[in-house]
Amino acid sequence: MHGTERDAGSAPGAGTLDTIQPVAGLTHTSAELLRDPLIRLQAVIKVCSTYFDGVDRRELLNRVGLAGYATADGLLDGDEGADDQEGAAATERAAGPAARRTRTSSQLVRDAAIATRVKELHGHACQVCGTRLQYKRRPYSEAAHIRGLGNPHNGPDELPNLLCLCPNHHVLFDGLEIFVDVDGIVKHTHGGESVGRLRQHNGHHTDEAHLDYHRTLCDLNRITRS
Ligand SMILES: [Zn+2]
């Protein structure tokens, strides 16, 4: 913070700040680093875990315009600034993630062709549990984005950012309740128990960077919920 005088002490009062009108912000180096979405997420985690003991961190993120970090989808255009809507969404999340997904999925611009592609590659078998659900006499599965498409995640709508999941594991993955660890084992965010190895297919390469992003988002979920 530039502009404050040395004799203002380490914690100048609001009156002093009003008079001096100091300029505060990030250094150029920090701003450059924070262009990287993963580093930005790690910075949010660092700040949350270092400075806000005893504070409702979810509410804090909401108040400073970072509510998107509380969900795997992120916020989509039109969500931002709509506090009432976000409040309602939070209530829906508390009641069950499925309702929230219904709300957001209709707003997402998705490439239906790649969603179909990932499901066909895996023969509609869930990459976590292998379930191949039959629904209306057809196999049913869901394409899940690893790094959400909304703000602040801004994940790409492409095959390496998708998983083929059953509805149960899609809800858990989107709800940041399960993640894929570096060893390829799917684990619970809270407690860390193994769910099993993520099933892979030769024709479907998942981008480790996206899995890393989702994993880090689960780290934030662990902090903001405790
Ligand atoms: Zn499953």
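The values are calculated or read from the model by the stated rules, or taken from the named source; none is laboratory data. No experiment lies behind these values; they were computed from the predicted model shown. All Cβ positions, even for glycine, are placed from backbone atoms using ideal geometry, and neighbour counts span all protein chains on display. Surface accessibility is based on the protein's heavy atoms, side chains included, excluding ligands, DNA and RNA. Shrake-Rupley method; radii C 1.70, N 1.55, O 1.52, S 1.80 Å.
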Q) Of all residues in the stretch 85-135, how many are among the basic types (Lys, Arg), assigned to a helix (DSSP H, G or I) and modelled with pLDDT of 50 or more? A) 2
Q) residue 160: assigned to a loop (DSSP other than H, G, I, E, B) and without any contact (Cβ under 8 Å) to a residue 60 or more places away in the chain, yes or no? A) no
Q. So residue 212 fits all but one of (1) farther than 13 Å from residue 126 by Cβ; (2) within 17 Å of the chain's Cα centre (by Cα); (3) within 15 Å of the ligand (Cβ to nearest atom); (4) surrounded by fewer than 21 Cβ atoms within 10 Å (Cβ to Cβ); what number is the exception?
A. (3)
**Q.** Leading residue by the ranking (nearest to the ligand (Cβ to nearest atom)) among those in the stretch 129-165 that are closer than 16 Å to residue 210 by Cβ and open to solvent by 60 Å² or more (accessible area, probe 1.4 Å)
**A.** 158
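Going through the stretch 13-38 one residue at a time, which ones are under 19 Å from the mean Cα position of the chain (by Cα) and open to solvent by 80 Å² or more (accessible area, probe 1.4 Å)?
Answer for the stretch 13-38, where residues must be under 19 Å from the mean Cα position of the chain (by Cα) and open to solvent by 80 Å² or more (accessible area, probe 1.4 Å): just 35.
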(Q) Return the residues of the stretch 39-74 that are farther than 24 Å from residue 209 by Cα, among the β-branched types (Val, Ile, Thr) and under 17 Å from the mean Cα position of the chain (by Cα); say none if nothing qualifies. (A) 64
**Q.** Positions within the stretch 166-198 being among the β-branched types (Val, Ile, Thr), open to solvent by 20 Å² or more (accessible area, probe 1.4 Å) and either in a strand (DSSP E or B) or within 16 Å of the ligand (Cβ to nearest atom) (or both), in sequence order
**A.** 171, 185, 195
